[in-house]
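Structure record follows, encoded as structure tokens.
The values are calculated or read from the model by the stated rules, or taken from the named source; none is laboratory data. Just so it is clear, the model here is predicted, and its values are computed rather than measured. Glycine also receives a Cβ, built like all others from the backbone with ideal geometry; neighbour counts cover every protein chain displayed. Note: areas computed on protein heavy atoms with side chains; ligands, DNA, RNA excluded. Shrake-Rupley method; radii C 1.70, N 1.55, O 1.52, S 1.80 Å.
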Amino acid sequence: MQTMSSGEQNVFKGALIGCGFFSRNHLHAWRDIEDARIVALCDADESRLHAAGREFGIERLYTDAAALLESEQLDFVDIATTVASHKALVELAARAKVAVICQKPFARSLEDARAMVDACNDAGVPLMVHENFRWQSAIQAVGAALHRGEIGRPFWGRVSFRSGFDVFSGQPYLAEGERFIVEDLGIHVLDIARFLFGEVKRLYASTSRVNPAINGEDVATIMLSHEQGVNSIVDCSYATRLPRELFPQTLIEVDGSAGTLRLFADYRLQIHNAAGTELRDVTPPALSWASAPWEAIQGSVASIQSHWIDCLRRGVEPATSGRDNLATLALVDATYLSARQGRSIEMSEMFGADTKGTR
Ligand code: NAD
Ligand code: 89V
């Protein structure tokens, strides 16, 4: 059992639910955050539960999330299970009045996501979606450069993720679903487009499957018209054989009224404007537990989890709150709808009369 010293009174106590493939990154990152402590773990699979407990020295272990929430005094739960269990677990945490982080994809449908946001709202508990890609050091550097107006007013952008990396060996469930790249990876890239260029008015998308061994689509191209006048392209592929594999790098191009920004491979950020051309190094932080090729993602996990603790301490809404994530999920749904029907989608169609909580 973990003991708290008097110096740890200001430490936020959490439990992690879901001890699978990606949970190791959460657990390593929590260990590095001074004012957070994971005091208990939960997984329906006992062998995974005990393996994580042993690896991270956590002794309070549960196979049932309801029992965890009944027995532990928690400041937050961190849900790192796959999407099928998210709604039940978020609503369970809300009923127990415990603040909650939930991994992406937040929900299977926009309707479920709204219900989850409402449940936390009504219970008065903070809710953050672990939408971490925008928290990568390189993406934050791009956002900051645009925010400072270094290339003037952006009018065009491209956010691109093209890879042939074998994601299925670590995450075999990704090969099984009817939906694949847009729901799993495109969701991050669409969220980056929102983060950089603002909310979307309209989109047009096409998708295809190249890999015959999987059920869902592994290529998507999406054209977005943003409310503030930027037109952008989000493209992603897991069927792209490059001379050098770049997983999990996202490459970015932005043209602005006073210059251009390019995020090249290997985390090189080029800003070109009237003052000249500058190349910046925006490499992810060197974490002791990072492992190639995952460093950028692992750095973003550390950043989003620190952001959560900071928001809890200050009593403010996280940047990637449940409410914020509704707009990203709506882009995912609109992409599938556009690809299926071969037409552009007005984002207002996705919300109908019920725009509650989408901004
Ligand atoms: P996984 O299948 O390896 O692990 C999930 C674990 O949750 C399993 O051990 C399972 O037994 C457990 N579980 C499921 N339902 C449960 C329940 N009701 N109660 C207790 N335990 C339960 O999955 P993973 O690859 O670790 O992915 C988990 C989530 O993380 C997914 O939603 C995935 O999309 C997301 N993910 C995010 C990133 C990122 O960068 N943000 C990267 C990889 C995966
Ligand atoms: O981030 C994710 O959700 C992961 C991966 C980067 C492998 O697609 O599933």
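The table for this structure:
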read-out: Compactness of the range 14-113 as Cα Rg over 2.2 N^0.38 Å, two decimals; value: 1.00
read-out: Cβ-derived FRET efficiency at R0 30 Å, ALA286 paired with GLU111, nearest 0.05; value: 0.10
read-out: Nearest-10 value in Å² for the accessible area of TRP156, using the 1.4 Å probe; value: 70 Å²
read-out: Gained length - ASP75 relative to ARG153, 0.36 nm times residue gap less alpha-carbon distance; value: 23.9 nm
read-out: Apportionment of accessible area to carbon and sulfur, the chain, percent (1.4 Å); value: 49 percent
read-out: Within the range 119-200: Cβ-based charge dipole about Cα centre, in debye rounded to nearest 20 (Lys, Arg +1; Asp, Glu -1); value: 520 debye
read-out: Karplus 3J(HN,Hα) series, Hz, for the range 136-152 with 6.51 cos²θ - 1.76 cosθ + 1.60 (x for Gly, Pro); value: 5, 4, 5, 5, 4, 5, 5, x, 5, 5, 5, 4, 6, x, 5, 10, x
read-out: Most positive-pole-ward Cα, VAL129, GLY20, SER206, against dipole of the chain from beta carbon charges; value: SER206
read-out: Summed side-chain charge close to SER344 - residues other than SER344 whose Cβ falls under 11 Å, Lys, Arg +1, Asp, Glu -1; value: +1
read-out: The range 1-103: GluC sites (Glu not before Pro) in DSSP coil with no more than 15 other Cβ atoms inside 10 Å; value: GLU34, GLU59
read-out: Helix 46-56 axis, angle to the chain major axis (alpha carbon atoms, nearest 10°); value: 90 degrees
read-out: Charge dipole (debye, nearest 20) of the chain; +1 at Cβ of Lys and Arg, -1 at Cβ of Asp and Glu; value: 700 debye
read-out: Label-point separation in nm, ASP310 to GLN140, each point 7 Å along Cα→Cβ; value: 0.6 nm
read-out: Estimated distance in nm for a label pair at ARG268 and ARG54, the labels positioned 7 Å out from Cα along Cα-to-Cβ; value: 4.5 nm
read-out: Rg followed by Dmax, in Å, when the range 218-359 is reduced to its Cα trace; value: 18.4, 49
read-out: Cα→Cβ-extended label distance, 7 Å offset, between ALA213 and GLU178, nm; value: 2.5 nm
read-out: Around ALA302: net Lys/Arg minus Asp/Glu count, Cβ-Cβ under 12 Å; value: -1
read-out: Helix axis angle, 110-123 relative to the chain longest principal axis, alpha carbon, degrees; value: 50 degrees
read-out: Gain upon complete extension [ASP45, THR63; 0.36 nm per residue less C-alpha separation]; value: 5.8 nm
read-out: DSSP bridge orientation in the chain - percent antiparallel, rounded to nearest 5; value: 60 percent
read-out: Residues of the range 17-32 with amide N under 18 Å of a point placed 7 Å along Cα→Cβ from ASN10; value: 32
read-out: Added length on full extension, which subtracts the Cα-Cα distance from 0.36 nm per residue, ARG95 to LEU337; value: 83.8 nm
read-out: Using θ = phi - 60° and Karplus 6.51 cos²θ - 1.76 cosθ + 1.60, couplings along the range 64-73 (whole Hz; Gly, Pro as x); value: 10, 5, 5, 5, 4, 5, 6, 8, 9, 8
read-out: For the chain, built as a Gaussian network whose Cα springs stay under 10 Å, the top-fluctuating residue of ARG314, ARG280, ARG31; value: ARG314
read-out: Net charge over other residues, Cβ less than 14 angstrom from the Cβ of ARG179 (K, R count +1; D, E count -1); value: -3
read-out: Per-residue ³J(HN,Hα) for the range 320-334, Karplus 6.51 cos²θ - 1.76 cosθ + 1.60, θ = phi - 60°, Hz, x for Gly and Pro; value: 9, 5, x, 4, 4, 5, 4, 5, 5, 4, 5, 5, 4, 4, 5
read-out: Nonlocal Lys pairs with alpha-carbon distance under 24 Å, the chain (8 or more apart, or different chains); value: 10
